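*Asks:* The following block contains the structure, expressed as structure tokens.
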Amino acid sequence: MEKKPGILVADSDNENFHLIEDTLLALGYQVTLARTAEEIITKALQTPTDVLLLDLSSIRDGLEAVRRLKKAETTRLIPVVVMTAPDRKEDRLLALEAGADDFLTEPVD
């Protein structure tokens, strides 16, 4: 049986998470939820994670979690995609500085 790619979704909003989760599960991904910056670190270490999808507006200290992931030997290669509001260009710059690899503008289609 083929291994499903693992996506760690960091979002504290239940409704948003379930919408993202339903979409990703239907596409064949394994989905894990993190609701805090500490959970991002813990779950990235504990579960197979091929990409981190981070809702920057809902996770306090989310960028610090990205910095820590990018510094750690075992997690530094995990791609990080940050979801940002369209009018928050400064968030994109801060996320790049922290080590984010790409962005999605909310609402995500």
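The values are calculated or read from the model by the stated rules, or taken from the named source; none is laboratory data. In this text, all values refer to a predicted model and were calculated from it rather than measured experimentally. Because the Cβ atoms are built from the backbone with ideal geometry, glycine has one as well, and the counts that use them run over all protein chains shown. Surface accessibility is based on the protein's heavy atoms, side chains included, excluding ligands, DNA and RNA. Shrake-Rupley method; radii C 1.70, N 1.55, O 1.52, S 1.80 Å.
*Asks:* Starting from region 13-88, pick out the GluC sites (Glu not before Pro) whose DSSP state is loop and whose Cβ has at most 11 other Cβ atoms within 10 Å. Could the numbers behind the result be given before it?
*Replies:* Details: sites: GLU15, GLU21, GLU38, GLU39, GLU64, GLU73; in loops: GLU73.
In loop regions of region 13-88 (DSSP not H, G, I, E or B), the sparsely surrounded GluC sites (Glu not before Pro) are GLU73.
*Asks:* A follow-up question, please. How much of the accessible area of region 8-109, probe 1.4 Å, is carbon plus sulfur, in whole percent? Don't jump to the answer; show the numbers that get you there.
*Replies:* Details: 3110 of 5980 Å².
Carbon and sulfur: 52 percent of the exposed surface of region 8-109.
*Asks:* Then there is this: Hey, if we sort LYS71, LYS43 by accessible area with the 1.4 Å probe, largest down, what's the order? Kindly include the intermediate steps, with their values, before the conclusion.
*Replies:* Numbers: LYS71 170, LYS43 60 Å².
Result of the area sort, largest leading: LYS71, LYS43.
*Asks:* Sticking with this structure for a sec: So, with +1 on the Cβ of K and R and -1 on the Cβ of D and E, and no other charges, what is the size of the charge dipole of region 19-109 about its Cα centre, to the nearest 20 debye? Walk me through the intermediate numbers first.
*Replies:* Values: 11 positive and 17 negative charges, 73 e Å.
The calculated dipole for region 19-109 is roughly 360 debye.
*Asks:* For the chain, what mean projected area does the convex hull of the alpha carbons give, in nm²? Display every interim value, and only then the final one.
*Replies:* On the way: hull surface 26.5 nm².
Mean projected area of the Cα convex hull: 6.6 nm².
*Asks:* While we're looking at this one, here's another question. Would you mind computing, in nm to one decimal, how far apart the modelled labels at GLN30 and LEU104 are, each placed 7 Å from Cα along Cα→Cβ?
*Replies:* About 2.0 nm, to one decimal.
*Asks:* Nearest 500 deg cm²/dmol is fine: what mean residue ellipticity at 222 nm does the chain get from its DSSP H runs of n ≥ 4 alone, each adding -39,500 (n - 2.57), divided by its residue count?
*Replies:* Details: 4 runs with 43 residues, N = 109.
Helix-only estimate at 222 nm: -12000 deg cm²/dmol.
*Asks:* Let's test this: bin the Cα-Cα distances of region 1-61 at 10 Å from zero up to the farthest pair and state each bin's percent.
*Replies:* 24, 56, 19, 2
*Asks:* Between LYS4 and ASP87, what is 0.36 nm times their sequence separation minus the Cα-Cα distance? Round to one decimal in nm.
*Replies:* Working: separation 83, 0.36 × 83 = 29.88 nm, distance 3.43 nm.
Gain in length upon complete extension: 26.5 nm.
*Asks:* Another question, then. Along the Cα→Cβ direction, 7 angstrom out, place labels at GLU73 and THR47. What is the inter-label distance in nm?
*Replies:* 2.6
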